[in-house]
Amino acid sequence: MKLSEKKLLKKKEEIILSAVKIVNRKGYRRATMEEIAGELLMTKGSLYYYFKNKEDLVFQCHEKVLSQATEELESHLNECISYEEKLRRMIATHIQYAIEEKETFNMIIKPDQTFSTEQLNPILVIRHEYAGLFDRVIREGIAHREFTIKEPKIARMILLGSMNWIQQWYSPQGGKSMEELQEIYADYLIKVVK
């Protein structure tokens, strides 16, 4: 890779990371290209050198956050620990992303309402891969007799559905910290597969 290509990728990465912060802070609809450019001391016009439009930038933000979350889940699956502990860590990771990357990560729930037809397929592929990691830990936990659930797919839907709902009610000023909620959720959700 040429030096100019490396610089271009580095700048795109910087823009995406800045945009993720703004989208998470303001929401997809209220975040503007002007704010993203201003955060980076760039002009709005210069953003269009890197991205076609706001939708393209937000798509790449979501793709980045979802890919990072997927990598973290995969790392838990590869740890030499019990399947229950793997699932606990995956639950904690999902909740962390659901809270810390709320607006960007939230697009996973109804991607067809945010992304264009051409963007939708790659997002659905990553989303399917992400959900598949939960399927995998549940199936492997069953195979190793740690889990007894009879319907792994339904168990996964219960897990993800309940964790995704946290975005609707969680508040940092609430009675529980994110860490406490991660532990509570894991304690209750592990019972779904036991």
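Computed from Cα positions, the angle between helix 54-77 and the longest principal axis of the chain comes to roughly 30 degrees. As a calculated quantity, the FRET efficiency between Lys26 and Val125 at R0 = 25 Å, using C-beta atoms, amounts to about 0.35. Per-residue 3J(HN,Hα) values for region 35-41, derived from phi via the Karplus relation 6.51 cos²θ - 1.76 cosθ + 1.60 with θ = phi - 60°, read 5, 4, 5, x, 4, 9, 6 Hz in sequence order (x marks Gly and Pro). Of the residues Lys102, Lys153, the one with the fewest other Cβ atoms within 10 Å heads the list, and the complete ranking is Lys153, Lys102. Applying the Karplus relation 6.51 cos²θ - 1.76 cosθ + 1.60 with θ = phi - 60° to region 178-186 yields 3J(HN,Hα) values of 4, 4, 5, 5, 4, 5, 4, 4, 4 Hz, where x marks Gly and Pro. The spacing between region 1-68 and region 112-171, judged by their C-alpha centroids, is 27 Å.
Values quoted throughout were computed directly from the atomic coordinates according to the rules given, and no laboratory measurement underlies them. The shown structure was predicted, so the numbers you read here are calculated from the model rather than taken from an experiment. Every residue, glycine among them, receives a Cβ derived from its backbone with ideal geometry; neighbour counts consider all protein chains shown.
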